[in-house]
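Data block below; observations after.
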Amino acid sequence: MGILIVLESEKGQLKSNSGELLSYGKALGNFMATDVFALSINCSAQSSVEKYGVSKAIEVHSEHLQSFNAKNYADCVAEVSRKLNCDIIVVSSSTNAKYMSGILAQKLQASYTNNIVDLPIEKSPFTVKRSVYSNKAFAHTELNAAVKILGLTKNSFGQTLEQTETKTESLEVTTSSSSALEIKGQDTLEGQVSIADADVVVSGGRGLKGPENWNMIEDLAEVLGAATACSKPVSDMGWRPHSEHVGQTGKPVASNLYIAIGISGAIQHLAGVSSSKVKVVINTDAEAPFVKAADYAVIGDAFEVVPQLIEKLKAFKIQNG
Amino acid sequence: MKIAVCISAVPDTTSKINFVENNTVFDREGVQFVINPNDEFGLTRAVWFKEKNQAEITVINVGLSDTEAILRKAIAIGADHAVRINANPTDSAYVAGQLGSYLKQHNFDLIITGKESIDFNGGMVHGMLAEMLNIEVVHACTSLEIENNKAEIAREIDGGTEHLSCDLPLIISGQKGLVEESDLKIPNMRGIMTARKKVIEVIEAEDIDCKTADTAFEKPSKKAEVELIDAENLDELIQKLHKEAKVI
């Protein structure tokens, strides 16, 4: 019995979702009354792990695991989980975690469920609550295999700080570097926040009338340290790249704050952003579906409201450090 | 090149999602089922390979007879063969097991699935298949080119794109970007006639255990009423986001 939390890192640094994964794993350990281990690969995690109450950190260092390869990472996690006799594996909902976990589930003959939004509903039969139908509903799902893999939805559980003393142990794994897949390179947004990692997302729709008007979306995003996103029609018309399209067939958004500007709120868009905690809408049309679905709405012309909001936020930032 | 495209039938993206029988069963009443959008991007990419490189496309669906409409649409778009594995697609492990058992017996050079279905959003079938068939897999692909048996692939990563290459055989899970929304094909009359006449191969399901079971569903609870903020009073919005919602 035991719980293995799989932390993710990039260039030797833990990813920002680690605090939530650790908090969830710790709470799950209490719920199941079992040991909790936090695994990091090619990254020292002790200082983060001890902040979230997890007392056992496991580090794997291997030159074969320098860059992410889903099969090799799945091999590593499988081997560690067997060595530690863990029957529950907690993973994130990042693109890489989803890539790896299907492979891992097959390898371990495990029950794997992702998009989980809370602690299990029941221990026996082991039942979790997960979002389905692209966030339009939740399912109660029983996991009936001996090994269970739980994929946690970002921002669903939150972080709980709880200082503890953590002991770190290094484990050797037999993972090889064999793979027919060759990584050629990566294009990443240097200095920009990705939609997946962002606490705040500023999103624009057709109401902005054209790609030339996106500088005010970018300016607002900059003041808030936010990622920029867009609605489906905007990406379909080529105003913005597909990587910014959020919604049911685009990227899901689970930020703390989602600001929708000139987006009427088609059902597919609303589904995709429904995991965001607070939604603000700026729209000329008080009858737009998104207004009803928002927490706060400003009815007005984006071209007047947004520049004012940028100025006021700048003043607010200065006042509040 | 032999391509397999695994497709699933999902409620149209505009569908209202409701449940019946004490919230244990999805309410199919009035819901139109379509090819899962992520699968359709992959299928359309496969048809382009066919047009350019004489690829042969087999579409496969795990479903009961009521999902044959999506297989016929896939043929009308350009697939050559359609296979239905006759079973209710109860969970991902079950579906992957059924598909794996078929795919093992046929040597495909390229196997395409969607990144995830828009109903259960699992996104794990392709990973399971990769492990079962011992073939490389690339998840969430936004671009795929194949020349001389070698694939050049772009996949989504959080905050960017990764470029990879790999010799065939290969499994990819696709999404928008493989082709654009405007590239999706509307079947023409000739396609529709071909699809109507085509015999769909029906295969009986293997005996495979499910690893998960959905026992109940619930809809998101009603949220509080929206708070309207005067466009002339944006300071109020900032204060509310700061003090009430605590998000800035």
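The values are calculated or read from the model by the stated rules, or taken from the named source; none is laboratory data. Since this is a predicted model, take the numbers as computed values, not measurements. Note that each Cβ is placed from the backbone with ideal geometry, even for glycine, and that neighbours are counted across all protein chains shown.
Between a first residue in the stretch B:71-92 that is over 22 Å from B:Lys211 (Cα atoms) and a second residue that is modelled with pLDDT of 95 or more and hydroxyl-bearing (Ser, Thr, Tyr), which pairs have beta carbons less than 6 Å apart while being 6 or more apart in sequence or on different chains?
Close Cβ pairs (under 6 Å, with a partner that is modelled with pLDDT of 95 or more and hydroxyl-bearing (Ser, Thr, Tyr)) amount to B:His81/B:Thr58.
Here's a check for you: in the stretch B:93-147, which residue that is away from every other protein chain (no Cβ under 11 Å) and aromatic (Phe, Trp, Tyr) is surrounded by the fewest Cβ atoms within 10 Å (Cβ to Cβ)?
B:Tyr102
Looking only at the stretch B:165-182, decide whether some residue is within 22 Å of the chain's Cα centre (by Cα), within 11 Å of chain A (Cβ to nearest Cβ), loosely packed, with under 14 Cβ neighbours inside 10 Å and not in a loop (DSSP other than H, G, I, E, B).
Yes, because at least one residue in the stretch B:165-182 is within 22 Å of the chain's Cα centre (by Cα), within 11 Å of chain A (Cβ to nearest Cβ), loosely packed, with under 14 Cβ neighbours inside 10 Å and not in a loop (DSSP other than H, G, I, E, B).
Every residue in the stretch B:14-27 that is part of a loop (DSSP other than H, G, I, E, B) and either modelled with pLDDT of 95 or more or buried (at least 19 other Cβ atoms within 10 Å of the Cβ) (or both), please. Spell out how you get there, then give the answer.
Start the filter on the stretch B:14-27 by keeping residues that are part of a loop (DSSP other than H, G, I, E, B), which leaves B:14-18, B:21-24, B:27.
Residues satisfying the conditions are B:Ser15, B:Ile17, B:Asn18, B:Glu21, B:Asn22, B:Asn23, B:Thr24, B:Asp27.
I'm trying to understand the selection: among the residues of the stretch A:125-134, which are more than 8 Å from chain B (Cβ to nearest Cβ) and at pLDDT below 95?
Matches in the stretch A:125-134: none.
Residue check: is A:Leu161 away from chain B (no Cβ under 11 Å) and out of contact with any helix residue (DSSP H, G or I) (no Cβ under 6 Å at 6 or more places or on another chain)? Spell out how you get there, then give the answer.
Working: away from chain B (no Cβ under 11 Å): yes; out of contact with any helix residue (DSSP H, G or I) (no Cβ under 6 Å at 6 or more places or on another chain): yes.
Yes, satisfied.
For A:Phe138, indicate whether it is within 20 Å of A:Val273 (Cβ to Cβ), out of contact with any strand residue (DSSP E or B) (no Cβ under 8 Å at 6 or more places or on another chain) and either aromatic (Phe, Trp, Tyr) or more than 11 Å from chain B (Cβ to nearest Cβ) (or both).
Numbers: within 20 Å of A:Val273 (Cβ to Cβ): yes; out of contact with any strand residue (DSSP E or B) (no Cβ under 8 Å at 6 or more places or on another chain): no; either aromatic (Phe, Trp, Tyr) or more than 11 Å from chain B (Cβ to nearest Cβ) (or both): yes.
It is false that A:Phe138 is within 20 Å of A:Val273 (Cβ to Cβ), out of contact with any strand residue (DSSP E or B) (no Cβ under 8 Å at 6 or more places or on another chain) and either aromatic (Phe, Trp, Tyr) or more than 11 Å from chain B (Cβ to nearest Cβ) (or both).
Give the residues of the stretch A:194-219 that are closer than 14 Å to A:Ala260 by Cβ and among the charged types (D, E, K, R), sorted by residue number.
Matches in the stretch A:194-219: A:Arg206 only.
Looking at A:Gly250, is it touching a residue at least 40 places away in the same chain (Cβ under 8 Å) and either outside the structural domain of A:Ser131 (by TED's automatic domain parsing) or among the charged types (D, E, K, R) (or both)? Write out each step before concluding.
Working: touching a residue at least 40 places away in the same chain (Cβ under 8 Å): no; either outside the structural domain of A:Ser131 (by TED's automatic domain parsing) or among the charged types (D, E, K, R) (or both): yes.
Spelling it out, it is not the case that A:Gly250 is touching a residue at least 40 places away in the same chain (Cβ under 8 Å) and either outside the structural domain of A:Ser131 (by TED's automatic domain parsing) or among the charged types (D, E, K, R) (or both).
Anything in the stretch A:305-317 that is of a type outside the set (Val, Ile, Thr), at the interface with chain B (Cβ under 9 Å from one of its Cβ atoms) and under 15 Å from A:Ile217 (Cβ atoms)? List them, or say none.
Once the filter is applied, which keeps residues that are of a type outside the set (Val, Ile, Thr), at the interface with chain B (Cβ under 9 Å from one of its Cβ atoms) and under 15 Å from A:Ile217 (Cβ atoms), the stretch A:305-317 yields A:Gln308, A:Leu309, A:Leu313.
Tell me the residue from A:Val298, A:Val234 that is touching a helix residue (DSSP H, G or I) at 6+ places or on another chain (Cβ under 7 Å), crowded, with 22+ Cβ neighbours inside 10 Å, within 8 Å of chain B (Cβ to nearest Cβ) and not in a loop (DSSP other than H, G, I, E, B), please. Write out each step before concluding.
Working: A:Val234 fails: within 8 Å of chain B (Cβ to nearest Cβ).
None of the others qualify; the one that does is A:Val298.
From the list A:Ala139, A:Ala180, A:Ala145, pick out the single residue that is in the same structural domain as A:Ala97 (by TED's automatic domain parsing), of a type in the set (A, V, I, L, M, F, W, C) and part of a loop (DSSP other than H, G, I, E, B).
Values: A:Ala139 fails: part of a loop (DSSP other than H, G, I, E, B); A:Ala180 fails: in the same structural domain as A:Ala97 (by TED's automatic domain parsing).
It is A:Ala145.
Run A:Pro252 past the list (1) touching a Ser or Thr at 6+ places or on another chain (Cβ under 6 Å); (2) at the interface with chain B (Cβ under 10 Å from one of its Cβ atoms); (3) at pLDDT below 95 and report the number of the one that doesn't hold.
(1) is the only condition that A:Pro252 fails.
Give the number of residues within the stretch A:100-123 that are more than 7 Å from chain B (Cβ to nearest Cβ), over 20 Å from A:Phe157 (Cβ atoms) and either modelled with pLDDT under 95 or out of contact with any strand residue (DSSP E or B) (no Cβ under 9 Å at 6 or more places or on another chain) (or both).
Count: 1.
Which residue out of B:Arg45, B:Arg84 is modelled with pLDDT of 95 or more, assigned to a strand (DSSP E or B) and among the basic types (Lys, Arg)?
Details: B:Arg45 fails: assigned to a strand (DSSP E or B).
That would be B:Arg84, the only listed residue that is modelled with pLDDT of 95 or more, assigned to a strand (DSSP E or B) and among the basic types (Lys, Arg).
For the stretch A:83-141, enumerate the residues that are of a type in the set (Asp, Glu) and either in contact with a Lys or Arg (Cβ under 8 Å, 6 or more places away or on another chain) or crowded, with 21+ Cβ neighbours inside 10 Å (or both).
Filtering the stretch A:83-141 down to residues of a type in the set (Asp, Glu) leaves A:87, A:118, A:122.
Correct list: A:Asp87, A:Asp118.
Answer yes or no: is there a residue in the stretch B:42-64 that is within 14 Å of chain A (Cβ to nearest Cβ) and farther than 18 Å from B:Gly123 by Cβ.
If we filter the stretch B:42-64 for residues that are within 14 Å of chain A (Cβ to nearest Cβ), which is where we start, we get B:42, B:44.
With the extra rule that they be farther than 18 Å from B:Gly123 by Cβ, the set shrinks to B:44.
Yes, the stretch B:42-64 has at least one match.
Listed here are the residues, each with its yes/no results for (1) surrounded by fewer than 21 Cβ atoms within 10 Å (Cβ to Cβ); (2) at positive phi; (3) in contact with a Lys or Arg (Cβ under 8 Å, 6 or more places away or on another chain).
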{"residue": "A:Thr188", "(1), (2), (3)": "yes, no, no"}
{"residue": "A:Ala196", "(1), (2), (3)": "no, no, yes"}
{"residue": "A:Asp199", "(1), (2), (3)": "yes, no, no"}
{"residue": "A:Val223", "(1), (2), (3)": "yes, no, yes"}
{"residue": "A:Ala227", "(1), (2), (3)": "no, no, no"}
{"residue": "A:Gly238", "(1), (2), (3)": "yes, yes, no"}
{"residue": "A:Gly262", "(1), (2), (3)": "no, yes, yes"}
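With (1) facing another protein chain (nearest Cβ under 9 Å); (2) in a strand (DSSP E or B); (3) in contact (Cβ under 8 Å) with a residue 12 or more places away in the chain as the list, and B:Leu228 as the residue in question, which single condition is left unmet?
All conditions are met except number (3).
Which residues, taken from the stretch A:84-99, are of a type in the set (Gly, Ala, Ser) and more than 7 Å from chain B (Cβ to nearest Cβ)? Break it down stepwise before answering.
Taking the stretch A:84-99 first, the residues of a type in the set (Gly, Ala, Ser) are A:92-94, A:97.
Passing the criteria: A:Ser92, A:Ser93, A:Ala97.
Quick one: would you say A:Val291 is surrounded by fewer than 24 Cβ atoms within 10 Å (Cβ to Cβ), facing another protein chain (nearest Cβ under 9 Å), over 30 Å from B:Asp39 (Cβ atoms) and modelled with pLDDT of 95 or more? Working first, answer last.
Numbers: surrounded by fewer than 24 Cβ atoms within 10 Å (Cβ to Cβ): yes; facing another protein chain (nearest Cβ under 9 Å): yes; over 30 Å from B:Asp39 (Cβ atoms): yes; modelled with pLDDT of 95 or more: yes.
Considered against the rule, which asks whether it is surrounded by fewer than 24 Cβ atoms within 10 Å (Cβ to Cβ), facing another protein chain (nearest Cβ under 9 Å), over 30 Å from B:Asp39 (Cβ atoms) and modelled with pLDDT of 95 or more, A:Val291 comes out as yes.
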